[in-house]
Every structure is written in C-alpha cells, then in structure tokens.
Amino acid sequence: MAYVAVKGGERAIDNAHAWLAEDRRGDPSVPEISLAQIQQQLGRSVDRVMAEGSLYDPHLAALAVKQAQGDIIEAAFLLRAYRTTLPRFAYATPVDTAAMQIRRRISAVYKDLPGGQVLGPTYDYTHRLLDFALAAEGHPPAPAATAPAEAATMPRVSDILRGEDLIEPDGDPNPPAEPGDLTREPLAFPAGRDVRLQALARGDEGFLLAMGYSTQRGWGGTHPFVGEIRVGECAVEITPPELGFAIDIGDITLTECQMVNQFKGSKTKPPQFTRGYGLVFGHAERKAMGMALVDRAMRHDEFAEEPNAPAQNVEFVVYHSDNIEGTGFVEHLKLPHYVDFQSELETIRRMRREAEANAASLKEAAE
Amino acid sequence: MSIDLPGFADPVAQAQSTFRAVLDAMARPGTLHDAGNTLTPPAPLAPATAAVLLTLVDHDTTLHIAPDCVAATAWLTFHCGTAPASSPASAFALARTLPDLATLNAGTDEAPESATTLVLQVAALGTGPEFTLSGPGLKSPAAFRAEGLPPDFAARWAENHALFPRGIDLILCAGTTLAAIPRSITVQEG
Amino acid sequence: MNGYNFAYLDEQTKRMIRRALLKAVAIPGHQVPFGSREMPLPYGWGTGGIQVTASVLGAGDTLKVIDQGADDTTNAVSIRRFFARTAGVATTTDTAEATIIQTRHRIPEKQLREDQIIVYQVPQPEPLSKLEPSRAETRRMHALAEYGSMHVRLYEDITRFGHVAISYDYPVMVNRRYLMAPSPIPAFDNPKMHMMPALQLFGAGREKRIYAIPPYTDVRSLDFDDHPFRTTRAPQCCALCGADDSYLDEVVTDDQGGRMFVCSDTDHCESRQAEGHTGTGEPITREAAE
C-alpha cells in the first residue's frame, strides 16, 4: 500500500505553504524589507507589476512584489486577481498626455523643439559598471541639480508634424462609441485597434520587446523613428453623472511613445508619415517602445501591407502577449497528467507490439 | 409606482436557485420547475417570469419588452438595471403572446449564441394542448402541455428549429412554474 | 470568506456566465465565448471549471472535486478548499453523494444520475487547434461544420499505424452537429459521455469558452466504419480492489520494471474495497505487465 499515496495532499499543501513563507522571509537576522522601501527603491519593478497587473496602485504593487519574492510575473498575477474583484465606480475620461507634468521628454526626430529635450532620470548614458558604492549602503546621493522647465506646456511632436499635415491623423476617425474591454468581453476577430492596444498595454514587456525587435530585423519592418517619448504625471478625471462635469481624482505616472513610421500615400493622397503608439503605467520606456512598434506592425491592413511576419499577425500577438495566461498554461504542465500519460503508454505499447509482430511475420515470410 | 415592489429578498441565493431551475429546464426540455415563489412582481408579470428576468438580465445585456408587458417596464428597468431595447432582436425578449419569431435575432452561423432568448409568459404550464418534444436532453420523446401558445405553435417552432444551430431559445413561465424549449428541440402536436 | 461574495465571483459575473451556460446547453457542443475573469488560481489550473462551478453552485449543493480521478491530488484539494472557503458548501469524495462534480481528466466510473452535474476543466476547448491554430479560422470551420480535415488526420494515423493514435482528448461529435474536445480525459471515458443522464458542462478559462452537453445527448467518438472507435485500458486488475473493468494508473515500484496497477478513480476503488473486493496488493514484474 505504501506505493500508492492516495492521502496526504492537504497536508502536503499546508507544509509547502509554510515552507514558502519561511523561504520568502529569508534569514530572520536580516531586517525585513518594507513596502515603502520597495515602492521607493524598486520603483521600476513596481511600475512593471502595475502595468502588467493592469492596476495602478504602487502600494499594492509593492506588496505583490514582496509577496512574490520579486517574481514580477507572479506579482502581476496577484494584482490581476485582486483587480478582478473590484467594483467599477466610473470610467475615466481620456487622459491628456499633452498636459503631462514632464519628468523626461526626448525626441529623436528634432534637434530641438518647444519645451526642449529633457533627459530626466535615465539609464541611457550610464556606463553599465557595477557601482560598488551602492553596496556600501547608507550614503544618500547628493540632490540632483534642478532647472525651471523651459516652457509651461510641451506640445507633442506628433502635433507639430500634424500641423504641417505630414503625419496621419491621430486615432480612428470613426471611433467606436465605447472602447472595447478585453477584461469583460472575450476577444473576437477582426480585433479593433482599441482592444489591441489594451492587450499590448497589459502585455508582457519581454514579449513586446522581442516582437518589436523582430520588426527592426525585417520581420514586418515599419521604418520607425522615435517621434517622442515622454514620462511624467497625468491627471485622471471622471465625470460623475450627478455632477455633469469632470473632476480630478488623482495623478498617475505614464510613459508614452509616439513612433513616426514609414510614410504612405497614393496617387490621390499625398504621402504622410504613419503612427505607432505606446502608453504604459509608470516609467517603462522599453515597453512603451516595443508596444508602439508592434502597434504599427499590426496596422498592416490599414496601409495595404502584406502581413507575413509574426508581429503583424494580430491573433498571434494578442493571444500570446499576456504573461498571466502564458505562465498559467506553461506551468500547468507541472500538474499531474498521469491519466493521459497512461493512455499514451497503452497506445504506444500496443503499437510497438503490432510493429514487432509485423516485423516478425515479414522476416518469417522472407525466410 | 410599481418599482416600490421589491425584487429578490436574498438576491444571491434566489438568483442561484432560479438559475438552477432555468438550467435544468433548458437541459431537460419541457420539464416543469418552480421559480419565483416569494416574489410579488407588478402586473402583468408572473412570479416565475420576474424571477427569470431578475436572474439573467442586467445592464450588460439587452431586454425588449413587448407591448403586452410594458406595464412592468419601470420595475424591470429598476431591478434589472437595464434600459428597455427598442428592437425585439435583442438578447432577451419578454412577451405574453408568441411574437413572429423572425422579428427576433436567430444569431449567426459563427455566433449562434447571440440569438434571442424569448421569455414567454403563458396562462398555464402542465395543462392545455399537448405537444411532443424530442431532441437533446430527452431520453425519449416527452409530452408537454401549455395553455396560451398559438394553435400553429408547432409549425412556427419547426421553422425556428430548422435554423439550427441558429434559432431562438424559449423560456416559458406561468405563475410560479417555468419550462424551456431550446432551439435544438423538435415540437410536434399531440 | 470576508470581503468576497458567495462562491467568490460577483453577481454580475455570475449572470454573464449563467447566460453563456444556457446558450451552451441550447447549442450542444458549441463553444460559447464568455468574459472569463482572472481568478486567484493560475490559468490552466481549472479557472474555467471553477467559474462554471461558482456560477452553478448553491448553498444546498454537495461538491466533489477530482483530478486524474482522485479526490486527493493536490490541485483537487486546492480547488475543493477554495469552494469550502468561499461558498461554505458541503464537500464529499463519494461520487454518489455529490450533486456537482468538478473534474480534470476523468469521468467517474460510477454512472452519474439525472440529479447530478459534472463540470469539466478544459485546457484547450478547440478540437481543431492542432490542425488549424487560428481561432478566427476554426470558428468559421465550426460554422460550416467543415470537419473533413479531422477525418483526414485520423485516417493518416490509420494509414501509418493501423489505427487512430489519439489516446486522450479524443474528438467527439455532439448531437451530430459539432465537433467537440471532451477535455483530456482518456478515450476510455468517451463512451460515458454518450446519453449520460447528468448534465455535462465544460469551462475553459484561459481560452474563454464554455460549452455543454445536455443529458441524453448523442455523443460519438469520431471513427470509420472499417475502423470503429475502441477504448484501451491497461489489461490488468486493480491491485487494491481487483476491478478488471476500471481505468488503471500504473505506479512504478522499483527500477527493475516492477509496477502496480490501481484504479484511477479512488472513490470507486475505496467503495469496492469497503464492499469486500480485494486485489493481490502486490506489484507485478515487467514480464507480467507486458
């Protein structure tokens, strides 16, 4: 009977959870990390968890990072599972990224422009040398120099191009009355740009990076220029029906990427640059850029481009960008499958017996 | 105002028990099930009718209310949280006389699930003219009686069934009883 | 559980799932898209089945959860606990006592009754997915009942191996109209689906599809006149209860080829043992097994 463990699952789970808690805490002689520390000092992890968890709440995202021992996908999953239980009080009006409180703003297509190039807190020009001074804790950095913002508002680069009619208009000229919502309605094809962008905004950074990268290497190239990347705080507004006007409910940090892509035109229509768009919670330039590249690649049908690359395949990209779905299904292979495997064993044994019998009878016939 | 009349006293449990009645009715066409015992809906709604709509309709779906049921519109709008639809080709249609089924939505070949569910309140279930139902859910053809269906019901239903997998699904309500006839079912007189 | 609704899901979500379930029953074997929610368990671990069960379950129900036929596999334990915690319902391991049975990969050996509902966890609801990865295209194929490619695939097996080489998730035709994935149950269980007295519900959370088979519905495993469908099981008796007709798990007992065959359906096995049936209780050698 010892061969067949039919009891014990409950105890095994309890014990595994207890061990996990111990493992999470690590050596108790090392001080426990606080949510404030995670939120303040691991901000990019918190941002990524909010983006892929599809919920803007830095405090809860920090909790998820702590609970998941820094496993970002696990943390995003925790946040998603919490998000799904939340009631919906209101829908925000579209955020106005032109009115963003800019922390960082760069354009690769103009040397200078109204509002200027604002480098902001970036790794771009750091030399990737391990900073051993950081290992020696306890020395807060000197405050960074500040300068007054050059202009009160920073027009979007795409608006500057649009002023000359050099770039296509922004967004769908006939937008749906209500944008779609993948979290309420299952995906159907053809999928509109609204739900595609929603899927990308929730999508896995690594996946979008790889897909965007593939377009640069010729798998659905789009001749991209970074029109602009801006990072900063945007006000979120809702319009309660009983008030009838919009009220500000708080600020969120956003990263927006406007790609300026290959121009299109025809005999009747003068050429215009086209757009790829990325918008992500938090400071997440890599993801916003990948998103913009993939967004533009998926718009092949609008520009009569031949869809023959993975990044252009809307169904492929949208179905496989979600790392919560992906990790669940890949990892479910860990679950017992011994019933199925047993049926395969029976089939393969039977087939081998038949093959051996056939071989034997052939041999006999030959002899 | 009829919206003063209450909905489910225990929405979670009563919606669940009503749903199980409808599910069982849909799974075993023509069988009779209790629903809405504790409800006091406004005229002309029967308790079973009201229970079915409270259980299945909300602001994520559409409900068309036939002229013979409009007296209950305010109550349904308030308790279901849905604005009445202008076309009977909506997700749900409520009526007390069988409408022309062609005016409802039979769905598409790719999305037959988008078809209308017709909630039809009749005079009585279990008595009246007899029909024979057959199809999925029934081990063998089964007798079904209802008062208040039109005399040519079997012929009209045959046109609907011929559309399968497209077609209308029917939930019948009378008093505190309900039954269902999904599109997959063949209906014969007698 | 404080802060959560009965059976975890909010009422609006339950209504959405209930509407999908009714359409699924009305169109046997057709996959109905639904707004699958993110659950506190991973996709692929039964989120579809859990959402269906949560939408069907009432306070008076008795729930049984099995995985691989067993009540005590870790994922079955985890899901049973989830409902005991969020819905406070009675749970059981006794197939006969359950009103709702949620399952992964098996149908119980004991014939189910009219007053029972079986809920299958489905990883991949699209039976055509291995032939055509695009869901836009498979949807069109279902609309036209264009299933020739599946017959061709089965026939290729016959040409190559002498018989169909699918041993689980063996495709079925429901009500002579829809090709359907029975979920990864062994083909041994397929015949139980045909004219089953219980209602069969299928939930695929990640793929966001619900489908159903009403009671007493025609369910045929795909086959050919000259190559009729047949089931396989290990040609042994259960070492614990002696059953010679149940589906068996093979348990490896040493590295010399020794093994033991025992019922996959643990409740079936235990109730047979309680009735006095016994097996040899001993492993068998490689020679005896082959």
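The values are calculated or read from the model by the stated rules, or taken from the named source; none is laboratory data. All of these numbers come straight from a predicted model, not from anything done at the bench. Positions of Cβ are backbone-derived with ideal geometry, glycine not excepted, and every protein chain shown enters the neighbour counts.
Considering (1) within 13 Å of another protein chain (Cβ to nearest Cβ); (2) closer than 18 Å to B:Thr55 by Cα, the lone condition that B:Ala106 does not fulfil carries the number (2). Hey, among the residues in the stretch A:186-210 that are over 16 Å from A:Glu325 (Cβ atoms) and not basic (Lys, Arg), which one's surrounded by the fewest Cβ atoms within 10 Å (Cβ to Cβ)? Ranking the qualifying residues of the stretch A:186-210, first place goes to A:Pro190. For A:Asn308, only one of the following conditions fails: (1) within 14 Å of chain C (Cβ to nearest Cβ); (2) part of a loop (DSSP other than H, G, I, E, B); (3) out of contact with any helix residue (DSSP H, G or I) (no Cβ under 6 Å at 6 or more places or on another chain). What is its number? The number of the failed condition is (1).
If only residues of the stretch C:40-57 that are under 27 Å from C:Arg177 (Cβ atoms) and among the hydrophobic types (A, V, I, L, M, F, W, C) are counted, the one that is farthest from the other protein chains (Cβ to nearest Cβ) is C:Val52. Just to be sure, is B:Leu56 at pLDDT 95 or above and either over 23 Å from B:Gly148 (Cα atoms) or surrounded by fewer than 17 Cβ atoms within 10 Å (Cβ to Cβ) (or both)? Answer is yes for this residue. For the stretch C:1-34, the set of residues classified as among the aliphatic types (A, V, I, L, M), assigned to a loop (DSSP other than H, G, I, E, B) and either within 10 Å of chain B (Cβ to nearest Cβ) or within 26 Å of B:Ile181 (Cα to Cα) (or both) consists of C:Ala7, C:Ile27, listed by residue number.
Taking first residues from the stretch C:274-287 that are surrounded by 11 or more Cβ atoms within 10 Å (Cβ to Cβ) and partners that are in a loop (DSSP other than H, G, I, E, B) and of a type in the set (Val, Ile, Thr), the Cβ contacts under 6 Å between residues at least 6 apart in sequence or on separate chains come to C:Pro283/C:Thr253.
Being assigned to a helix (DSSP H, G or I), out of contact with any helix residue (DSSP H, G or I) (no Cβ under 8 Å at 6 or more places or on another chain) and assigned by TED's automatic domain parsing to the domain that holds A:Pro190 is a property that A:Asp301 has. Restricting attention to the stretch A:140-185, the residues that are surrounded by 10 or more Cβ atoms within 10 Å (Cβ to Cβ), at pLDDT 80 or above and away from every other protein chain (no Cβ under 14 Å) total 17.
Yes or no: B:Glu113 on the phi < 0 side of the Ramachandran plot and either out of contact with any Pro (no Cβ under 8 Å at 6 or more places or on another chain) or part of a strand (DSSP E or B) (or both)? Considered against the rule, which asks whether it is on the phi < 0 side of the Ramachandran plot and either out of contact with any Pro (no Cβ under 8 Å at 6 or more places or on another chain) or part of a strand (DSSP E or B) (or both), B:Glu113 comes out as no. Residue selection: B:Ala83 satisfies the criterion of being surrounded by fewer than 18 Cβ atoms within 10 Å (Cβ to Cβ) and touching a Ser or Thr at 6+ places or on another chain (Cβ under 8 Å).
One residue stands out in the stretch A:234-261 among those that are surrounded by 14 or more Cβ atoms within 10 Å (Cβ to Cβ) and among the charged types (D, E, K, R): the one that is nearest to the chain's Cα centre (by Cα), namely A:Glu256.
Applying the set (1) closer than 28 Å to A:Tyr277 by Cα; (2) crowded, with 17+ Cβ neighbours inside 10 Å; (3) of a type outside the set (S, T, N, Q) to A:Tyr110 leaves exactly one unmet item: (2). Filtering the stretch C:75-112 to residues that are over 20 Å from C:Pro123 (Cβ atoms) and in contact with a Lys or Arg (Cβ under 6 Å, 6 or more places away or on another chain) leaves C:Thr91, C:Thr92, C:Thr95, C:Ala98.
Only one of the listed residues (A:Val294, A:Val318) is within 11 Å of chain C (Cβ to nearest Cβ), surrounded by 14 or more Cβ atoms within 10 Å (Cβ to Cβ), under 25 Å from C:Lys208 (Cβ atoms) and among the β-branched types (Val, Ile, Thr). That residue is A:Val318. Filtering B:Pro47, B:Pro41 for residues that are surrounded by 19 or more Cβ atoms within 10 Å (Cβ to Cβ), touching a Gly at 6+ places or on another chain (Cβ under 8 Å) and modelled with pLDDT of 95 or more leaves a single hit, B:Pro47.
Taken together, C:Ala274, C:Ala234, C:Ala204 contain a single residue that is at negative phi and in contact with a Phe, Trp or Tyr (Cβ under 7 Å, 6 or more places away or on another chain), which is C:Ala234. Give me the helices (runs of 4 or more DSSP H) completely within the stretch A:71-169, filtered to those with at least 1 residues that are touching a Ser or Thr at 6+ places or on another chain (Cβ under 9 Å), ordered by residue number. So the answer is A:72-83, A:157-163.
When you check C:Cys269 against the structure, is it free of Cβ contacts under 8 Å to residues at least 40 places away in the same chain, away from chain B (no Cβ under 14 Å), surrounded by 23 or more Cβ atoms within 10 Å (Cβ to Cβ) and not in a strand (DSSP E or B), yes or no? Answer is yes for this residue. Scanning the stretch C:58-77 for residues that are within 18 Å of the chain's Cα centre (by Cα) and either more than 7 Å from chain A (Cβ to nearest Cβ) or among the small types (Gly, Ala, Ser) (or both) turns up C:Leu63, C:Lys64, C:Val65, C:Ile66, C:Gly69, C:Ala70, C:Asp71, C:Ala76. Of all the criteria given as (1) of a type in the set (D, E, K, R); (2) over 16 Å from A:Arg230 (Cβ atoms); (3) without any contact (Cβ under 8 Å) to a residue 12 or more places away in the chain, the one not satisfied by A:Asp181 is (3).
Being under 22 Å from C:Ala70 (Cβ atoms), in contact with a Phe, Trp or Tyr (Cβ under 7 Å, 6 or more places away or on another chain) and surrounded by 19 or more Cβ atoms within 10 Å (Cβ to Cβ), is that true of even one residue in the stretch C:217-225? Checking the stretch C:217-225: not a single residue is under 22 Å from C:Ala70 (Cβ atoms), in contact with a Phe, Trp or Tyr (Cβ under 7 Å, 6 or more places away or on another chain) and surrounded by 19 or more Cβ atoms within 10 Å (Cβ to Cβ). Within the stretch C:144-159, residues that are without any contact (Cβ under 8 Å) to a residue 60 or more places away in the chain reach no partner that is of a type in the set (Asp, Glu) and part of a helix (DSSP H, G or I) with beta carbons closer than 6 Å at six or more positions or on different chains. Taken over the stretch C:35-57, the criterion of being more than 23 Å from B:Pro182 (Cα to Cα) and among the polar types (S, T, N, Q) is satisfied by C:Ser36, C:Thr47, C:Gln51. Taking C:Arg37 as the residue in question, decide whether it is more than 24 Å from C:Arg106 (Cα to Cα), over 19 Å from the mean Cα position of the chain (by Cα), within 8 Å of chain A (Cβ to nearest Cβ) and among the basic types (Lys, Arg). So C:Arg37 passes the test. One residue stands out in the stretch C:102-143 among those that are within 15 Å of C:Gly29 (Cβ to Cβ) and without any contact (Cβ under 8 Å) to a residue 12 or more places away in the chain: the one that is nearest to the other protein chains (Cβ to nearest Cβ), namely C:Ala143. Tallying residues that are of a type in the set (S, T, N, Q) and surrounded by fewer than 24 Cβ atoms within 10 Å (Cβ to Cβ) within the stretch C:10-46 yields 2.
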